[in-house]
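> Structure provided below as structure tokens; questions to follow.
The values are calculated or read from the model by the stated rules, or taken from the named source; none is laboratory data. Note that the structure is predicted; figures quoted are calculated from it, not measured. Here Cβ is always computed from backbone atoms with ideal geometry, including for glycine, and neighbour counts include all displayed protein chains. Side chains are part of the model used for accessible areas, which takes the heavy atoms of the whole protein and leaves out ligands, DNA and RNA. Shrake-Rupley method; radii C 1.70, N 1.55, O 1.52, S 1.80 Å.
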Amino acid sequence: MDTITPVLCDSNLYKYKGFCFYKEFMKPEFVDSLQDFQIRNDDLFLITYPKSGTIWTQQILSLIYSEGYRNGTEQIETTEIVPWIECQFMSDEIMDHNSRPSPRLFASHLSYRFVPQGLKMRKAKIIYVMRNPKDVINSLYHFEAMASYAKTSPDFDHFFKKFLDGEVFAGSWFDHVHGWCTHRDQFNILFIKYEDMIMDLRSVVKQMCKFLGKELDEEALDIVVKRASFNEMKKDPLANKEDLPEEFYNVKKGKFMRKGTIGDWKNTMTVAQSEVFDTIFQEKMGDLDIEFIWDNKEKA
Ligand code: A3P
């Protein structure tokens, strides 16, 4: 097995094959074993870098796939409908994905290198959601404060440097997004941007339905869009992640459903930090044809 190194600044994280995992949730042997996980053709993977709209898309997919969830007859949390493939919260709680009925939905923060090899046969589908990385940094910084398994940074500047060095959960944002974008041809993958969801959720839901081969009538679409709105989700206990184990999350210090906007990074990042970020973004992502909306004002 490759060497495991604790990540500088954070004794709770370890680096393995260039990716950062939390000791609490993921063991390297388990991560490696996922390579051989048996994929079914109708599996769907939701893949994101943290803080890019994961729980939002878990809600959308739950509403698209489950009529019972949509009409309220099934009271199932979205993390049960779209569970994590890589997390071992506690050894006695590992979900047996092999006994789940099809179609199975999964969530994952893994980089393209770690996902099951079977996904490369291009049959099962992947939805990859990305978000402008300045808002990702900001959201992750606030998230650190509530996650008791994360070592909280003393200030934003400290966190900013950790993020640029890829020494945060899931490693480098640049590697994650770059890796998935440049290996897209190996997968059956739809890329979605968080900002597009903010601007026109209905169109994005329709785009997802088309990719997934799901036909929802206008009434069902109305329900998906309404129940996936920030305000509805914030009060929805099945979707807002407020009943997560207290030993892991201190909901008095923060919320998964925090602000849900574009451009909140301006309240945290200095102009100098933003300029540093722009330079690095250009260096690392300049070869990709990728554009983000960075600011609420750009939403014309
Ligand atoms: P902020 O911290 O900027 O508010 P993830 O689920 O990947 O951890 O991402 C969490 C981010 O998605 C948080 O961003 C959260 O507020 C935002 N989010 C969750 N549901 C949302 C929704 N319905 N509309 C807009 N943003 C949402």
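> Can you list the helices (runs of 4 or more DSSP H) found entirely within the range 1-120 that contain at least 1 residues being more than 24 Å from LEU190 (Cα to Cα) and open to solvent by 10 Å² or more (accessible area, probe 1.4 Å)?
Details: elements: 28-33, 54-65, 67-71, 78-81.
Hits in the range 1-120: 28-33, 67-71.
> On to the next question. Given the structure, is LEU212 more than 16 Å from the ligand (Cβ to nearest atom), hydrophobic (A, V, I, L, M, F, W, C) and open to solvent by less than 40 Å² (accessible area, probe 1.4 Å)? Walk me through how you get there before you give the answer.
Values: more than 16 Å from the ligand (Cβ to nearest atom): yes; hydrophobic (A, V, I, L, M, F, W, C): yes; open to solvent by less than 40 Å² (accessible area, probe 1.4 Å): yes.
When the stated conditions are applied, LEU212 passes them.
> For the structure I just gave you, tell me whether LYS259 is within 12 Å of the ligand (Cβ to nearest atom) and either more than 16 Å from the chain's Cα centre (by Cα) or open to solvent by 50 Å² or more (accessible area, probe 1.4 Å) (or both). Let's see the steps before the verdict.
Details: within 12 Å of the ligand (Cβ to nearest atom): yes; either more than 16 Å from the chain's Cα centre (by Cα) or open to solvent by 50 Å² or more (accessible area, probe 1.4 Å) (or both): yes.
Yes: the conditions hold for LYS259.
> Separate question: Could you count how many residues in the range 25-51 are among the charged types (D, E, K, R), away from the ligand (no atom under 16 Å from the Cβ) and under 18 Å from the mean Cα position of the chain (by Cα)? It would help to see each step written out before you state the result.
From the range 25-51, those among the charged types (D, E, K, R) are 27, 29, 32, 36, 40, 42-43, 51; that's our starting set.
Remaining after also requiring away from the ligand (no atom under 16 Å from the Cβ): 27, 29, 32, 36, 40, 42-43.
Narrowing further to those that are under 18 Å from the mean Cα position of the chain (by Cα): 43.
Qualifying residue count for the region: 1.
> Ok, one more. Testing ASN250 on (1) in contact (Cβ under 8 Å) with a residue 40 or more places away in the chain; (2) more than 26 Å from LYS125 (Cα to Cα); (3) open to solvent by less than 90 Å² (accessible area, probe 1.4 Å); (4) within 11 Å of the ligand (Cβ to nearest atom), one condition comes back false. Which one is that?
(4)
> Taking into account only those residues within the range 140-163 that are buried (at least 19 other Cβ atoms within 10 Å of the Cβ) and among the aliphatic types (A, V, I, L, M), which is modelled with the lowest pLDDT?
Among those that are buried (at least 19 other Cβ atoms within 10 Å of the Cβ) and among the aliphatic types (A, V, I, L, M), it is ALA150.
> HIS176 - would you say it is assigned to a helix (DSSP H, G or I), surrounded by 18 or more Cβ atoms within 10 Å (Cβ to Cβ), touching a residue at least 60 places away in the same chain (Cβ under 8 Å) and not hydroxyl-bearing (Ser, Thr, Tyr)? Steps first, answer last, please.
Numbers: assigned to a helix (DSSP H, G or I): yes; surrounded by 18 or more Cβ atoms within 10 Å (Cβ to Cβ): yes; touching a residue at least 60 places away in the same chain (Cβ under 8 Å): yes; not hydroxyl-bearing (Ser, Thr, Tyr): yes.
So HIS176 passes the test.
Residues are listed down the side, and each one gets a yes or a no for (1) within 11 Å of the ligand (Cβ to nearest atom); (2) small (Gly, Ala, Ser); (3) open to solvent by less than 70 Å² (accessible area, probe 1.4 Å):
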| residue | (1), (2), (3) |
| --- | --- |
| ASN188 | no, no, yes |
| LYS193 | no, no, yes |
| GLU232 | yes, no, yes |
| LYS235 | no, no, no |
| LEU288 | no, no, yes |
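> Got at least one residue in the range 120-137 being farther than 22 Å from PHE45 by Cβ, of a type in the set (A, V, I, L, M) and in contact (Cβ under 8 Å) with a residue 12 or more places away in the chain? Talk me through it step by step, then tell me what you get.
Here is the first cut: in the range 120-137, the ones farther than 22 Å from PHE45 by Cβ are 132, 134-135, 137.
Now drop any that are not of a type in the set (A, V, I, L, M), which leaves 137.
When the remaining residues are screened for being in contact (Cβ under 8 Å) with a residue 12 or more places away in the chain, the result is 137.
Yes: one or more hits.
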